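Asker: One structure is given below, represented as structure tokens, and several questions about it will come after.
No value in this document is a laboratory result; all are computed from the given coordinates. No experiment lies behind these values; they were computed from the predicted model shown. Virtual Cβ from ideal backbone geometry, glycine too; neighbours counted across all protein chains shown.
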């Protein structure tokens, strides 16, 4: 496949409510089947301790890489629509999520606007984001810090628990 006109994207996908495995699998399927992303790669699955508010269930997290022809704005709109299809409810920051899809990197672009921030502004502080990303894109370089994902993971100050998920429905 010719990726000349496509942009490389890294996404973080997580859920800590309801049928977590099914919700995450449906999100990945939707990204692939609707051609939002092509040449999809999916990390190992991780069960992760919540960050910010510990009084909630643990998350199931993965990272996904692929190529898109969508602009960053169109991609975030599509991610939000997938969250909506999973019945995501509006809650306070750092609370439970039926589904959360974050754009972590979009090629080498840096966007800092109220509606969209790329690279994700806290990715380097979150082990639950970096550990799955390291499975599929360890050598991808952060466009601001000029460190690759593996270096960011090694330097990450977050000590929250991120463990391989031993559950059922993985592909």
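Asker: Could you give the nm distance between label points at residue 69 and residue 116, where each point is 7 Å from its Cα heading toward the beta carbon?
Answerer: The two pseudo-label positions are separated by 1.7 nm.
Asker: With springs connecting C-alpha atoms under 10 Å apart, model the chain as a Gaussian network and identify which of 61, 134, 53 has the largest mean-square fluctuation.
Answerer: Looking only at 61, 134, 53, the largest GNM fluctuation is found for 53.
Asker: Out of 52, 18, 66, any idea which swings most in a Gaussian network model of the chain, alpha carbons joined below 10 Å?
Answerer: Sorting by GNM fluctuation, first place goes to 52.
Asker: Subtracting the Cα-Cα distance from 0.36 nm times the residue separation, let me have the gained length for residue 55 to residue 154 in nm, one decimal.
Answerer: Result: 32.9 nm gained on full extension.
Asker: What full-extension length gain, to one decimal in nm, is calculated for residue 81 and residue 109 as 0.36 nm per residue of separation minus the Cα-Cα distance?
Answerer: On the way: separation 28, 0.36 × 28 = 10.08 nm, distance 2.26 nm.
Length gained between residue 81 and residue 109: 7.8 nm.
Asker: Another question about this same structure. Going by a ≥ b ≥ c, the root eigenvalues of the Cα gyration tensor, does region 92-152 fall in the rounded group (a/c under 1.5), the prolate group (a/b larger than b/c) or the oblate group?
Answerer: Details: a/c = 2.08, a/b = 1.24, b/c = 1.67.
Oblate, since a/c reaches 1.5 and b/c is not below a/b.
Asker: Right, here's the next one. By the gyration tensor of its Cα atoms, with a ≥ b ≥ c the square roots of the eigenvalues, what is the shape of region 1-133: rounded for a/c under 1.5, prolate for a/b over b/c, or oblate?
Answerer: Verdict is prolate for region 1-133.
Asker: Rounded to the nearest 0.05, what FRET efficiency do residue 144 and residue 39 give with R0 = 35 Å and r taken as the Cβ-Cβ distance? Could you check?
Answerer: For residue 144 and residue 39, the calculated efficiency is 0.90.
Asker: Counting each DSSP H run of 4 or more residues in the chain as -39500 (n - 2.57), what helix-only mean residue ellipticity at 222 nm follows after dividing by all residues, to the nearest 500 deg cm²/dmol?
Answerer: It lands at -8000 deg cm²/dmol.
Asker: Another question about this same structure. Over region 7-164, calculate the relative contact order: mean separation of alpha carbon pairs under 8 Å at least 6 apart, over the residue count, as a percent.
Answerer: 30
Asker: Name the residue, out of 102, 155, 135, whose mean-square fluctuation peaks in a Gaussian network model built on the chain with Cα pairs under 10 Å.
Answerer: 155
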